[in-house]
Amino acid sequence: MHHLSQEHSKSSHWIATWTASTQPLWGEELPFPNNMAALSGQQTVALRLRVSLGGKRLRLLFSNEYGTQPLILGPVSVALGSNTQKHQTLLFSAQPQAVIAAGKTLLSDPLELDIPDLASLFVRFYLPQRCPVSSFHWDTRRTVTLLPGNQTLVEHVDSCTGTEITALPVLSAAWVETSTNRSVVAVIGDSLVDGNGVSIDSDQRWTDHLAKHLVPHGVAVVNAGQSGSRLRQNGIGISAKIRFERDVLNVPGIRLGILQVGLNDLGWPGTPLEPDTAPP
């Protein structure tokens, strides 16, 4: 069995197949609601995400990068194809829950799951304690439902009992194990990458369409857009310059990066966001 494991590792590798670029939570200093007020602890966070390339095993990455205290992550479950399918539990060092240290990320153990290309994954994770979540993604273009209690393995979830938001706390990436000839294109930028203006849950961002074109060629596309992001300065999002290493260079399986940024650098000066800033 040891020999088989070595051969398997030589013919496969881990790549990112979906991302939600993590950014720090803001308060009243910006004139935009962060949508995290409804997060109060003892809640299950539920969402659907669409992968680009599929694979034989799955890992999820969770982030407390901007947190100042440890974050307890309760049970995490995943279903493939339909939210009514039986959810499987992800483990962390063989345990069903874990603690994410302040300023750190946490990667789940591998889960055996045969995921087709462009498949939907339904993810639920439980946050058992009230803790200020400081790491999130603001503009997901995705419905995120906050459900009361631990509903990670509930067969038929009543979404009417939950609260719908469009920001995503803690979860930042999905990785799949696939053949070594498959690679990743990471797209980093502002709202034109993140999908601002695209209908929620429609999978109609231009990066979604790019994924459809590239997946048959063995290339995954991950979206590292942050609405409000600028090239050199932080604001609603972290500057592309600062997060380029994390969101492009260090992405598992990366082969190419696409940069689309500058709209907010040009558009913010002289507006209520930056009334005293001169145009660049």
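Just the projected area, averaged over all directions, of the convex hull on the alpha carbon atoms of the chain: how many nm²?
For the chain, the mean projected area of the Cα convex hull comes to 14.9 nm².
Note down the nm distance, to one decimal, between modelled labels 7 Å out along Cα→Cβ at Ala94 and at Arg50.
Result for the modelled spin labels: 3.9 nm.
Between Lys104 and Asn196, what is 0.36 nm times their sequence separation minus the Cα-Cα distance? Round to one decimal in nm.
30.3 nm
Over all pairs of distinct alpha carbons, what does the Kirkwood formula give as the hydrodynamic radius of the stretch 53-101, in Å?
Evaluated on the stretch 53-101, it is 12.6 Å.
Say a site is exposed when it is one of the trypsin sites (Lys or Arg not before Pro), sits in a DSSP loop, and has at most 16 other Cβ atoms within 10 Å; what is then the longest site-free stretch of the chain?
131-231
Spin-label point model (7 Å from Cα, Cβ direction): what's the Thr68 to Asp114 distance in nm?
Using points 7 Å along Cα→Cβ, the separation is 5.0 nm.
Say R0 is 35 Å: what FRET efficiency, to the nearest 0.05, do Thr161 and Glu28 get from their beta-carbon distance? If you can, show how the numbers build up before the last one.
Numbers: r = 30 Å, r/R0 = 0.85.
It comes to 0.75.
What number, rounded to the nearest 500 deg cm²/dmol, is the helix-based mean residue ellipticity at 222 nm of the chain, given -39500 (n - 2.57) per DSSP H run of at least four residues and division by all its residues?
Calculated at 222 nm, the ellipticity per residue is -3000 deg cm²/dmol.
Per q in 0.16 1/Å, what log10 I(q)/I(0) does a Debye calculation on the alpha-carbon atoms of the stretch 171-280 return?
-0.76
For the stretch 210-274, compute Rg over Rh where Rg is the Cα radius of gyration and Rh is the Kirkwood radius from the inverse mean 1/r over Cα pairs.
With Rh from the inverse mean 1/r over Cα pairs, Rg/Rh is 1.07.
Only residues of the stretch 214-243 count here: report those whose backbone N is under 20 Å from the spot 7 Å along Cα→Cβ of Asp276, or say none.
Taking a point 7 Å out along Cα→Cβ of Asp276, the residues of the stretch 214-243 whose backbone N falls under 20 Å are 233-236.
Within the stretch 119-136, name every residue whose backbone N is under 14 Å away from a label modeled 7 Å from Cα of His209 along the Cβ vector.
Those under the cut-off are none; the list is empty.
Any read-out appearing in this document is the output of simple, stated calculations on the displayed coordinates, not a laboratory observation. Just so we're clear, the structure is a prediction, and the values are computed from it rather than from any experiment. All Cβ positions, glycine included, derive from the backbone under ideal geometry; neighbour counts span all protein chains shown.
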